[in-house]
Amino acid sequence: MENTEKPENSLENTEVIAEKVRNIPSNKPIAFSFTDFFERNRKMVIYGGIGLGVLIVAAAGYFYYNSGREDEAQKAFFRAERYYELDSVKLALKGDGYATGMEDVADEYGNTKAGQDAHYYIGMAKLREGKYQDAIDNLQDFHLKSPIVYPLAQGGIADAYSQLKDYESAAKYYMKAAEFSENDFTAPKFYKKAGLTYEKLGDFAKAKEVYQKIKDKYPNTYVARDIDKWIQRANAENGFKD
């Protein structure tokens, strides 16, 4: 005997279901039963809950682990920082045989605040020692976006590149330092250095532009006191007429 029963997924049944859905009034609320949802999606709910629980536990564990490392790093960094303040740079960087030096703090705890501070101090110390590539490497590893210290780090990178006579990189980092934080302390200082570097590159139009920015945005700063002289010099070198 021929089976005349239509399968559940037949076109006719599909059209009937679609018609029923279309005939539901748009203003009629659709009842939601969490029990029904759970029964239909039992595995998804269970595994989703397990996954969320694992993420929460992992995040809590990472926070606990990282906060512990931060404490360790701060303790290790404390004496090294005192040495640096006393201008005992070698002891600050290498340690004294009992206390950890900044180089070890940076290597072991580089992703903590103390480790980041260590990179900054090391970079500045290497700059003073004339080890310019070491200075660049450490200052580029400093990522704490402080409105004062971060521009100083970028300016330190620029100073190192300038000493290496890579004036294009120096100008780039001076501008990065100046533009990161528009404050009266770092911005005009690094705009001025950028202008002088553009002059070394022979780009007097760009030099004039940054000198003018000092005059317009930071007129009451120390750097701006003689900025007209530098603007006129850039004009003259570039063949402009006032």
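Sparsely packed loop sites in segment 133-242 (the trypsin sites (Lys or Arg not before Pro) outside DSSP H, G, I, E and B with at most 13 other Cβ atoms within 10 Å) comprise K145, K165, K241.
Would you mind pulling out the separation of the Cα centroids of segment 78-142 and segment 170-229, in Å? Cα centres, segment 78-142 to segment 170-229: 29 Å. Backbone phi angles across segment 124-136, fed through the Karplus curve with coefficients 6.51, -1.76 and 1.60 (θ = phi - 60°), yield HN-Hα couplings of 5, 5, 5, 4, 5, 7, x, 9, 5, 5, 4, 4, 4 Hz in residue order; Gly and Pro are listed as x.
Taking a sphere under 13 Å around the Cβ of G97 and counting the other residues whose Cβ falls inside, with K and R at +1 and D and E at -1, yields a net charge of +1.
A 30 angstrom limit on the alpha carbon distance is what I want to check against. Which of K126/K229; K145/K206; K131/K213 exceed it? Mind dumping the intermediate values first?
Numbers: K126/K229 34 Å; K145/K206 27 Å; K131/K213 32 Å.
The pairs that break the limit, which is 30 Å between Cα atoms, are K126/K229; K131/K213.
A short reminder: the numbers here are calculations on the coordinates, not readings from a lab. Please read all numbers here as calculations on a predicted model, not as lab measurements. Positions of Cβ are generated from backbone atoms using ideal geometry, with glycine treated the same way; all protein chains shown enter the neighbour counts.
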